[in-house]
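One structure, as structure tokens, below. Some questions next.
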Amino acid sequence: MQSRWVSRGTWQAVVIEKASGGAISSGDTVYLKTHTGTHIDVTGDVVQARWNEKGDWQAMVIEKRKQVRQDAREFMHLCQMLDPEKTGYISWTDFEREMHNEVMVAYMASVDLEVHDVELFFHIVTGSSEHGKCRIDHFVDGCMQMKGPANAMDMQKQLFEIDELRREVVKTRKETLAFLKDLV
């Protein structure tokens, strides 16, 4: 959440309340409340403070974040089993072999990682098509980023990167044509 004002005061404060009162701990449902007592409604990246009462639709569950961390730890452990020589790396050969293991495939699907093109998935996650291996922690991070469907931010990032690439290609083309024209 960002403030647009230079000076800061109590009118900008946000209080985190536990739904049932008391100290907040992992797994608790919490609410955000403004200085006026209104509760904050968060939908996507739109934040509005307009409601005086609390409701389930306003709840932010700390448990979700805890579950993401737990999924990453479990996946890290599973991926370490892909490294029989304990090198700290996952190779394309080991990954390809394990993608025929029903337990591995089922686990990946259970954490929203459905792999239809095994080789493409590996190369996208590792970014190492020529080396054929990557560090386990890098692989786990890449997989966690691949969970679920693409969102609007993912799509905008891709459009931005494609546009940047297009500009570079146009610039290189102009420079190449100018260089070739000088040669003739």
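Mind listing the long-range amide H neighbours of VAL111? Cut-off is under 5 Å, sequence gap 5 or more, other chains count too, H placed in the peptide plane at 1.01 Å from N.
When sequence neighbours closer than 5 places are left aside, there are no close amide H contacts.
Under 5 Å between amide hydrogens, which residues at least 5 positions from TYR89 or on another chain qualify, with H placed 1.01 Å from N in the peptide plane?
Answer set, sorted by chain and number: ILE136.
Before anything else, pin down the relative contact order of the stretch 64-145: Cα pairs under 8 Å, at least 6 apart, normalised by residue count, whole percent.
On the way: 64 pairs, mean separation 29.7, N = 82.
Relative CO of the stretch 64-145 lands at 36 percent.
Go through the stretch 108-150 and name the GluC sites (Glu not before Pro) that are in a DSSP coil and have 15 or fewer other Cβ atoms within 10 Å of their Cβ. Could you put the intermediate results ahead of the total?
On the way: sites: GLU114, GLU119, GLU130; in loops: GLU114, GLU130.
Taking the stretch 108-150 and a limit of 15 other Cβ atoms within 10 Å, the loop GluC sites (Glu not before Pro) found are GLU114, GLU130.
Each reported figure results from applying straightforward, stated rules to the coordinates on display, with no laboratory input. None of the values given here were measured: they were computed from a predicted structure. In this analysis, Cβ positions are derived from the backbone assuming ideal geometry, glycine residues included, and neighbour counts consider all displayed protein chains.
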